[in-house]
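The structure under discussion appears below in the form of structure tokens.
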Amino acid sequence: MKYIDLRSDTVTLPTKQMRDAIYNAEVGDDVYGEDPSINRLEKMAAEMLGKEAAMFVTSGTQGNQICVMTHTQPGDEIILEEKCHIITYEVGGIGRLAGVQARLISGKNGIMDPSDIEAAIREDNIHFPKTKLICLENTHNRAGGTVIPMDILKSTYEVAKKHNIPVHMDGARIFNAATYLKQPVKEIAKYADSVMFCLSKGLCAPVGSVVVGSKEFISKARKFRKMLGGGMRQAGFLAAAGIVALEQMTSRLNEDHENAALLAKGLSEIPGILIDMDTVQTNIVICDISGLKMTGREFAAKLYEKGIRVNGGNSTTVRFVTHYWIKKEDIEATIEAVKSLR
Ligand code: TLP
């Protein structure tokens, strides 16, 4: 049976062009720096994001963890939004791997106020750890794919520079943010010292993410990637799909955003379902289904029987994510299926 899979944009399968590119890829040993496809992908990514250098990594999680390790020393403190991916879904890696302490700030729809960030920066005092990094997430996953407005991004970067603290952006979905803002992606990336973005989400590549930053930052980061077992050999097969992702998939994300908006509208009209429409900006829709008197897990199980997959747990929050393989008809079918659940 073919499911309408709205669990995540991570479920996207590679396109025909990607499969052909993988088959035909020129490869070499990337630990020796000799994989032409990896080198090409890294050059393209650095150019697109307006940074000096780039490094292919196995996953978004690995990219974020490497960036935190590269920017900090054990015992430092880093500032993050309280529901960000690094805190919620990275297995406590920043404590275990980087040995840093997290200073969490509540954001409005995932977006931290620059004055709250400034207030959280530690003064020089014998009792305090040093604030060594500010992490942003753009788009913000758990807040529903929300985008950091350009003026907030700029003010945040000004605060960071005033205190001489680098900014890392978890830009897993930065191309969705760029699409929403109608800005070239480098206009967003210029307000961060390092950016991680994923090839394997809305851009449909099967595996991999990229970290971009200064030459010095990336050469230091390469050592941490090796330490974490991310020094791959003929990884050009993966990079070949990543190149197609950057060439062909970054300019079509609006379609996913339109489908998410359509889905959010349809679902919000169903009694028992609440959606904060202000948060529906890109390809994620988060619903509160408490009015349906079932948990997210029960809701997901019922939809599964109707051929639709979503993620739901013990809470009454359910997430839907649109992507390349979801068409308008799938959205309509999903709304009808949810209506029939009651
Ligand atoms: N997010 C996944 C899950 O891990 C929750 C998803 O289905 O959305 N940053 C952000 C903002 C992400 O949403 C994700 C993945 C990552 C980092 C990690 O990427 P991967 O899965 O490649 O390690």
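For the stretch 103-119, filtering for residues that are small (G, A, S) and surrounded by fewer than 17 Cβ atoms within 10 Å (Cβ to Cβ) leaves 3. When we screen V147, V210, V195 for residues that are under 18 Å from N64 (Cβ atoms), within 16 Å of the ligand (Cβ to nearest atom) and touching a Phe, Trp or Tyr at 6+ places or on another chain (Cβ under 7 Å), the only hit is V210. Please go through the stretch 1-24 and give me each residue that is assigned to a helix (DSSP H, G or I), more than 16 Å from the ligand (Cβ to nearest atom) and of a type in the set (S, T, Y), ordered by number. Correct list: Y23 only. The set of residues from the stretch 302-323 being at pLDDT below 95 and within 12 Å of the ligand (Cβ to nearest atom) comprises N311, G313. Could you check R122 against (1) touching a Phe, Trp or Tyr at 6+ places or on another chain (Cβ under 9 Å); (2) within 23 Å of A177 (Cβ to Cβ) and say which number it fails? Just one mismatch for R122, condition (2). Scoring L80 on the criteria (1) in contact with a Gly (Cβ under 9 Å, 6 or more places away or on another chain); (2) among the hydrophobic types (A, V, I, L, M, F, W, C); (3) part of a strand (DSSP E or B) leaves a single failure, condition (1). Would you be able to tell me the number of residues in the stretch 302-315 that are in a helix (DSSP H, G or I) and open to solvent by 30 Å² or more (accessible area, probe 1.4 Å)? Residues meeting the conditions: 3. For the stretch 270-301, what are the residues that are in a helix (DSSP H, G or I), more than 16 Å from the ligand (Cβ to nearest atom) and crowded, with 17+ Cβ neighbours inside 10 Å? Passing the criteria: L292, F299. Considering only the stretch 85-92, I want to know if a residue exists there that is within 22 Å of A172 (Cβ to Cβ), in the same structural domain as N125 (by TED's automatic domain parsing), acidic (D, E) and in contact with a helix residue (DSSP H, G or I) (Cβ under 8 Å, 6 or more places away or on another chain). Looking for residues that are within 22 Å of A172 (Cβ to Cβ), in the same structural domain as N125 (by TED's automatic domain parsing), acidic (D, E) and in contact with a helix residue (DSSP H, G or I) (Cβ under 8 Å, 6 or more places away or on another chain), one finds at least one in the stretch 85-92, hence yes. Listed conditions (1) buried (at least 21 other Cβ atoms within 10 Å of the Cβ); (2) not in a helix (DSSP H, G or I) are all met by N259, apart from (2).
Please work out if V27 is outside any strand (DSSP E or B), surrounded by fewer than 17 Cβ atoms within 10 Å (Cβ to Cβ) and aliphatic (A, V, I, L, M). Answer is no for this residue. Just so you know, in the stretch 59-77 the residues that are hydroxyl-bearing (S, T, Y) and part of a helix (DSSP H, G or I) include one that is least open to solvent (accessible area, probe 1.4 Å), and it is T70.
Any residue in the stretch 110-128 that is hydroxyl-bearing (S, T, Y) and assigned to a loop (DSSP other than H, G, I, E, B)? No; the residues of the stretch 110-128 include none that is hydroxyl-bearing (S, T, Y) and assigned to a loop (DSSP other than H, G, I, E, B). When each of K190, K226, K201, K215 is tested for being within 18 Å of the chain's Cα centre (by Cα) and surrounded by fewer than 18 Cβ atoms within 10 Å (Cβ to Cβ), the lone residue that passes is K190.
Taken together, the residues in the stretch 268-293 that are touching a residue at least 24 places away in the same chain (Cβ under 8 Å) and either under 22 Å from Q183 (Cβ atoms) or touching a strand residue (DSSP E or B) at 6+ places or on another chain (Cβ under 6 Å) (or both) amount to 13. M48 fulfils the conditions (1) in the same structural domain as E90 (by TED's automatic domain parsing); (2) open to solvent by less than 50 Å² (accessible area, probe 1.4 Å) except for a single criterion, (2).
The values are calculated or read from the model by the stated rules, or taken from the named source; none is laboratory data. Everything quoted here is computed from the prediction, not taken from an experiment. Quick reminder, even Gly has a Cβ in these numbers, built from the backbone with ideal geometry, and neighbours come from all protein chains shown. Quick note on the areas: whole protein, heavy atoms, side chains included, nothing else; ligands and nucleic acids left out. Shrake-Rupley method; radii C 1.70, N 1.55, O 1.52, S 1.80 Å.
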